[in-house]
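Please read the structure below before turning to the comments.
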Amino acid sequence: MGRAPVQTGSVNGPDLAPAIDGVRLTLHVLAATVWVGGQFTVAGLLGTVRKLGPEAPRRVALAFGRIQWPAYALLVATGIWNVLAVRVGNASATWQAVLWAKIAVVVLAGLGAFLHQRARSKVGLALWGAVASLASVAALALGVLLAG
Ligand code: HEM
């Protein structure tokens, strides 16, 4: 499904996406790099951050939160733009099922990150952190499938 076929008349292979599609998907993927990539980057830096002092992990998490949530908002906004831009009515039942599955994991990713940031126990931190990152990777993979 994904992007509407580009009418080029050329049979020699793919052509560039229309500029507006390029802007829409660039914003969507850029936000995905911050939301998904940021979670793994912060997790990867945590060992070193812990050596900077007892307050450092919480302060780094708060600082990441200040860019993480605007990225999530941009993902939802450009996600809705994606849905409006592609002709969902013409989409196969499978494509539509993947879209709904994606929206479900996006909600789960947001809920997981929200509860992770408010967790007070090590188990809560680990559980909701895992839910947030796994659901985010699932959203990314389903997005690539939708793009066709
Ligand atoms: C954690 C949140 C999200 C992540 C990580 C994410 C990631 C992605 C990625 C990587 C693509 C593929 C882009 C490409 O290959 O060109 C994509 C496409 C897409 N996403 Fe998302 N997305 C998220 C949220 C959403 C939401 C909330 C919606 C709908 C409300 C949505 C709807 C779509 C659609 C329809 C496409 C296909 C666009 C096209 O082919 O033109 N996404 N997404």
L146: assigned to a helix (DSSP H, G or I), surrounded by 15 or more Cβ atoms within 10 Å (Cβ to Cβ) and in contact with a Phe, Trp or Tyr (Cβ under 6 Å, 6 or more places away or on another chain), yes or no? no
Single residue of V107, V36, V98, V76 found to be touching a helix residue (DSSP H, G or I) at 6+ places or on another chain (Cβ under 8 Å), free of Cβ contacts under 8 Å to residues at least 40 places away in the same chain, in a helix (DSSP H, G or I) and under 21 Å from A132 (Cα atoms): V76
Expected single match for within 15 Å of the ligand (Cβ to nearest atom) and of a type outside the set (D, E) among V49, V105 is V105
Of all residues in segment 29-43 being more than 17 Å from V106 (Cα to Cα) and of a type in the set (V, I, T), the one that is least open to solvent (accessible area, probe 1.4 Å): V42
Going by the conditions given, is W69 over 17 Å from W35 (Cα atoms) and modelled with pLDDT of 95 or more? no
The residue that is most open to solvent (accessible area, probe 1.4 Å), considering only those in segment 44-64 that are within 26 Å of G143 (Cβ to Cβ) and modelled with pLDDT of 95 or more, is L45
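The values are calculated or read from the model by the stated rules, or taken from the named source; none is laboratory data. In this text the structure is predicted, and so the values were computed from the model without any measurement. Note: ideal-geometry Cβ built from the backbone for every residue, glycine included; neighbour counts use all protein chains shown. SASA here: full protein model, heavy atoms, side chains in, ligands and nucleic acids out. Shrake-Rupley method; radii C 1.70, N 1.55, O 1.52, S 1.80 Å.
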